[in-house]
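Some notes on the structure that comes next.
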Amino acid sequence: MTTSGSKQLVDVRRVLRRHAGSLARDLPWINCGDPWAVLVSEVMLQQTQVERVVDPWQNFLARFATPRALAAAPLDEVLRAWAGLGYHRRARSLWRCAQEITERHDGDVPSNLEELRALSGVGAYTAAAVASFAFDQRVAVLDTNVGRVLARCVANRRLTGTQATQLANDLLPRRDVASFNQALLDLGATFCRAKPRCATCPLANVCAWRRDGGDDPAPLSAGVSRPQPRFVGSRRQLRGQIVAALRQGPMTEASLRAVVDAGLSPDVAVTLEQLARDGLVCVTRRRWRLGDN
Ligand code: SF4
C-alpha cells in the first residue's frame, strides 16, 4: 500500500498542486467566505449535478440567508424553495439542521468536525467538505470523484474504505489544503470520470493506472458511487411529480393521479404514504399538501 512519503504520493501531490489553479471550476460557493452558504451547497450537491445546483443555491440563499431564517420558516415553504433539486428528504434534513444550528450553536455553523457530523443530513463527506472549504481545516474530502482518482491514479487497485481514507489523508499537503481538495474534486469531475479522459488529464504522466495498466480499479472501490437506477418511470420520478404538483396548493389523491405521468398514476396512493412517512406531505379532509402537520 502506498504510504504518505512514497514517491507515487509525492508525485501526484506535486502535479496536482501545480495544476490547482487551472483545474478550478467557476462555482459561486467556492471561496464565498460564508460557512452557511458552503453547507447549503454541499447538501444540494449530495445527489444533484453541479450545473443543476447553481441557480437553486442562489435562490435558496436569497430566501434563507442564515440558519435562523431557514429554521423559522414552515416546512412547506422550504420544500417550495427546493424546486429543481429532487431528493426532497434533503430539504427536510437541512431544515432540521438549521434548527439544530440555531438551538445548539447560537445560529453559527460549527467548525468542529464532530459537531458538524452530529447535524441532521450531514454525513462524513459533507462534514469534511464544510470543515475544509468553509474553515480551511486540514481534513481530506472523499467523494466519488476523489475515490476514482485515488483508486486509479494513486494506488491502481481497488480500495477498502479504510485504505481510501488513509490514502486521502496521506495525500494532503501541509498548506493550502482547501484549494488542494478542490483541485482533487475538480480533476475527478472533469477528467477522471466514470469514463476517464486520460489523453488530456494533467495527472497522466504520474498516473499509476495509466502507467501500469490492468482492469479499471475504480468501479468497486470505496467511496465510488454505483450507477444510478433508471429515473424515468421510477418511484423517485413520481415523488418529484407529486411534490411539484403540491407546490401549487393542496390536492386530492384523484387530482394527483390526473396530473402525474399516466404510467405512474397507479402508484400515487402508496407514494403519498411514503412521502407522509418521510414527513414531507400530510393530509387533511382528503386533501394532500406539503408539510408535516
Ligand atoms: S490519467 Fe486517466 S485514470 Fe489517471 S487520473 Fe487522469 S483521468 Fe484518471
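The values are calculated or read from the model by the stated rules, or taken from the named source; none is laboratory data. Bear in mind that the values here come from a model prediction, so they are computed numbers and not experimental data. So basically every Cβ, Gly included, is an ideal-geometry build from the backbone, and we count neighbours across all protein chains shown.
Odds and ends about this structure:
- Condition met for ALA128 (within 18 Å of the chain's Cα centre (by Cα), farther than 24 Å from PRO217 by Cβ and either surrounded by 21 or more Cβ atoms within 10 Å (Cβ to Cβ) or within 16 Å of the ligand (Cβ to nearest atom) (or both)): no
- Candidates are the residues of region 93-125 that are assigned to a loop (DSSP other than H, G, I, E, B), in contact (Cβ under 8 Å) with a residue 40 or more places away in the chain and more than 14 Å from the chain's Cα centre (by Cα); the one that is surrounded by the most Cβ atoms within 10 Å (Cβ to Cβ) is VAL109.
- Pairing each residue of region 190-205 that is outside any helix (DSSP H, G or I) with any residue that is more than 8 Å from the ligand (Cβ to nearest atom), provided the two are 6+ apart or on different chains, yields C-beta distances under 6 Å for PRO202/HIS19; LEU203/VAL15.
- Hits in region 206-215 (condition: more than 8 Å from the ligand (Cβ to nearest atom), touching a residue at least 12 places away in the same chain (Cβ under 8 Å) and part of a loop (DSSP other than H, G, I, E, B)): GLY214
- Check on LEU290, within 30 Å of LEU159 (Cβ to Cβ) and touching a residue at least 40 places away in the same chain (Cβ under 8 Å): no
- Looking at ASP170, ASP186, just one residue is more than 16 Å from the ligand (Cβ to nearest atom), closer than 15 Å to VAL12 by Cα and either touching a Phe, Trp or Tyr at 6+ places or on another chain (Cβ under 9 Å) or part of a helix (DSSP H, G or I) (or both), and that residue is ASP170.
- Filter result (among the charged types (D, E, K, R) and more than 16 Å from the ligand (Cβ to nearest atom)) within region 131-161: ASP136, ARG138
- Answer residue from region 189-202, given it is under 15 Å from LEU150 (Cβ atoms) and near the ligand (Cβ under 8 Å from one of its atoms) and is surrounded by the most Cβ atoms within 10 Å (Cβ to Cβ) among those: CYS192
- Residues in region 250-291 that are in a loop (DSSP other than H, G, I, E, B) and loosely packed, with under 14 Cβ neighbours inside 10 Å: ASP261, ASP278, ARG285, ARG286.
- Filter result for the condition that a residue is over 15 Å from LEU23 (Cβ atoms), away from the ligand (no atom under 14 Å from the Cβ) and at pLDDT below 95, over ALA178, ALA164: ALA164
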